[in-house]
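The structure under discussion appears below in the form of structure tokens.
The values are calculated or read from the model by the stated rules, or taken from the named source; none is laboratory data. Computed from a predicted structure; not experimentally measured. Cβ sites come from the backbone with ideal geometry, for glycine too, and all protein chains shown count toward neighbours. Quick note on the areas: whole protein, heavy atoms, side chains included, nothing else; ligands and nucleic acids left out. Shrake-Rupley method; radii C 1.70, N 1.55, O 1.52, S 1.80 Å.
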Amino acid sequence: AALANMSHAFNALHPYVCQRIVSLFCVLAKRYFKLVDSIRRHALRGEETLQDLSVLEEVLRMLLEIINSALDNQLTLVPDLIYSLLYKREVFEPFKTLAPFQDVDSNVDFVLSFFA
């Protein structure tokens, strides 16, 4: 929550911080897709599994909102974040087509496409 509140004012973030934000997103995205895949393959519909999926969606969406806010408000002041995002660009690709993330991911995708 603190990152979300501060994200509009990110300025000259250290490269390590940018890498950790993107790495956290990558780890959670991998876990999210693994859980979605196991739900599809094994038809897991337990309340706990669906609750885990819901929590992962919320956290991933919040991270995308943090990244989006930083890019939207301080694009010229966060070059290391842009570089970290470009380095792991393939992780963000599937989120363009997923309904819960499309609105937040569209700006991130636009910025990545521009700088790529």
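Tabulated values for the structure
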{"item": "Whichever aspartates and glutamates have a C-alpha closer than 19 Å to that of Lys30, once near sequence neighbours (fewer than 8 apart) are set aside", "result": "Glu48, Asp52, Glu57, Glu58, Glu65, Glu90, Glu93, Asp105, Asp109"}
{"item": "Met62 accessible area, 1.4 Å probe, all protein chains in place, Å² to nearest 10", "result": "80"}
{"item": "The chain, relative contact order in percent, only Cα pairs under 8 angstrom and at least six apart counted", "result": "39"}
{"item": "Nearest-0.05 FRET efficiency for Leu24 and Glu48, computed from C-beta distance (R0 30 Å)", "result": "0.85"}
{"item": "Region 1-54, accessible surface, carbon-and-sulfur percent (1.4 angstrom probe)", "result": "56"}
{"item": "Highest-MSF residue in the chain out of Ser23, Ser106, Ser38 [GNM, Cα springs under 10 Å]", "result": "Ser38"}
{"item": "Per-pair calculated FRET efficiency, R0 = 25 Å: Phe115 and His14 via Cβ, rounded to 0.05", "result": "0.80"}
